[in-house]
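Step one of this worksheet: look at the structure below.
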Amino acid sequence: VQLQASGGGLVQPGGSLTLSCVTSESILRIYDMGWYRQAPGKERELAAIITEGGNTHYADSVKGRFTISRDNARNKVYLQMNSLKPEDTVVYYCNAERQGTAIYWGQGTLVTVSS
């Protein structure tokens with residue numbers, strides 16, 4: 001199974017960006033799908049997760065600004081990011097996990113929030 005993340009780029013503070021993660025196989029009904037992010041020199045941390053049952057959970061730092069969703073038919077998971085801040089400038093990774101254990105990781109996509 002391969003996960004491919006895309007959609008990163010440069011955006012101004014207060015702007016919006018949508019990340020996409022496409023899976024090579026139909027796994028969205030099997031695994032929880034997460035978006036994690038990692039700043040240089042820091043540990044990777046959870047930004048948002050959507051369970052196989054459709055429940056969502058967000059880190060406090062992104063709650064109210066980010067929305068995770070999925071399209072099972074297209075094998076895609078999205079992260080809609082609004083009201084972006086400079087501190088959101090990190091590399092974002094998507095993953096498939098089960099009971100908190102990562103099974104598959106995609107490559108990262110860099111988001112830069114700067115004027």
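Placing pseudo-labels 7 Å out from each Cα toward the beta carbon at residue 112 and residue 46 gives an inter-label distance of 3.1 nm. For residue 85, a cut-off of 16 angstrom between C-alpha atoms picks up these lysines, skipping any fewer than 8 places away in its own chain: 63. Where both bridge residues fall in the chain, DSSP classifies roughly 95% of the beta bridges as antiparallel.
Gain on full extension, evaluated as 0.36 nm per residue between residue 16 and residue 1 minus their Cα-Cα distance, stands at 2.5 nm. Scaled to the globular estimate 2.2 N^0.38 Å, the Cα spread of the chain, given as radius of gyration, is 0.98. Given an 8 Å cut-off on Cα distances and at least 6 residues of separation, report the relative contact order of the chain as a percent. Rounded, it is 36 percent for the chain.
Over the stretch 21-88, Cα pairs under 8 Å with separation of 6+ residues give a relative contact order of 31 percent.
Computed from the coordinates by the stated procedures, all read-outs in this text should not be read as laboratory data. Everything quoted here is computed from the prediction, not taken from an experiment. Counting neighbours? That spans all protein chains shown, and the Cβs are built from the backbone with ideal geometry, glycine included.
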